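The values are calculated or read from the model by the stated rules, or taken from the named source; none is laboratory data. Everything numeric in this text was worked out from a predicted model, so none of it was measured. Virtual Cβ from ideal backbone geometry, glycine too; neighbours counted across all protein chains shown. All accessible areas refer to the heavy atoms of the entire protein, side chains included, with ligands and DNA or RNA removed. Shrake-Rupley method; radii C 1.70, N 1.55, O 1.52, S 1.80 Å.
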Amino acid sequence: MNLVYKLLRCQLRGTQFAGFFLANLTGMLIVLLSIQLWYDLQPFFTGKDRLFRKEFLVVTKRISAFGTLTGRNTTFTPEELREISEQPFIRKTGNFTSSRFRTTAGMELGRFGAGFATELFFESVPDEYIDVKTEEWGFEEGDNRIPIILPRNYLNLYNFGFAQSRNLPKLSEGTIGLLNLDIRIQGQGKESGFQGKIVGFSDRLNTILVPQRFMDWANATFAGEKGAEVARVIVETDNPADERMARFFKSKGYEIEGGKQAAGEMVWFLNLLTLFVASIGLLICALSFYILILSIYLILQKDRVKIENLLLLGYAPKRIARPYELFVLAVHAGTVVLAWLSIWGIRGCYLPFLQAMQAVKSGMLPVWVGGIVLFSGVFLLNAGIIRRKIRKTALSHKI
């Protein structure tokens, strides 16, 4: 064993060893660094401000002067709703339900000695389309409290418009969540009072939202309607830039509210660019491991004459393969450790930026596990290549 090892080692040059080591380190580092980046950037993909997120568009019928004069209906029929939901570019749809009763809301600002009251409206959508996650969202018949979600721009309008002109205090999201609204609902000869609680602010839906259960109960109680007409539809799509969707909405006279389609197109193209960059990274990884395998073949090809002589002297293929396997094992172990240290240093450079954005997960467990799995897999692959090549040499010479 020692004689075989010395014979093969004396033919291994430093440049050959360095090339094999660098090829192994390149592939290992790219793969493990990709795993660590994916793990650290998970909040961007799964959190509230994630990059790859579902796109929601609000669809309405176009309102024209002619339609207004002729009293054209701007609500969707059941057939039209079914037609929208059956389109291949639409994943699923949800209906807006509007309040059919009269609603007033008032609020006192306590020690400031000011307050206001106004008429308003409510709308509701299925809970799965709401982008505010809170345990306070819900309603049961008999409750005196109504959770409310406001559009975030409503708060900006109050702070920089109404409050500014009336010399009223400006309110933060946390502060306004502590205030209660006095809500009066009237209809069908009935009147009831409720306490409104603002539980969040939506960036997706530009309306005053209440739970679907409350809306269904209130419309039935104060308006005598169980199935109100649908004037707005929220649709979920993977690609808001799909030309088929634009053609369909245009042909039907439907409109997308608030220019969300243009913003959705930008997100979609950004997602496409990110996937393209990720694909390039995978290609580089594949090429790195190909170079690694090619290095093994070059070493074996260079030592082919010595391997043949050892086989002719009676050495078993397994015994000849063992020094190569130990060499590969040592190189792989060194590259895994060096890759771990490199990633630890690289992560220390970008981690402060992620922590500043409060979007980081702690730890390098995926890299530790991935390194061990990758080390084992690549070593077994290379060991198999070495033994197969030596056996093939033995068979070609009928040894």
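Past 18 Å, Cα to Cα, is the threshold; run Lys318/Lys389; Lys92/Lys197; Lys318/Lys392; Lys302/Lys392 against it and keep the listed order.
Values: Lys318/Lys389 11 Å; Lys92/Lys197 30 Å; Lys318/Lys392 12 Å; Lys302/Lys392 15 Å.
Checking Cα-Cα distances, Lys92/Lys197 exceed 18 Å.
Give me the percent of accessible area attributable to carbon and sulfur for region 76-203, probe 1.4 angstrom.
Carbon and sulfur together cover 46 percent of it.
When ranked by the protection proxy of mean other Cβ atoms within 10 Å per residue, highest first, what sequence do the peptides 21-34, 136-149, 155-168 form?
Highest-to-lowest ranking by the protection proxy: 21-34, 136-149, 155-168.
Rounding to the nearest 20 debye, state how big the charge dipole of region 309-391 is about its Cα centre with +1 on each Lys and Arg Cβ and -1 on each Asp and Glu Cβ.
So the dipole magnitude of region 309-391 works out to roughly 420 debye.
Need the full-extension length gain, Tyr350 to Ala330, defined as separation in residues times 0.36 nm minus the C-alpha distance. One decimal, nm.
Fully extending the segment from Tyr350 to Ala330 adds 4.1 nm.
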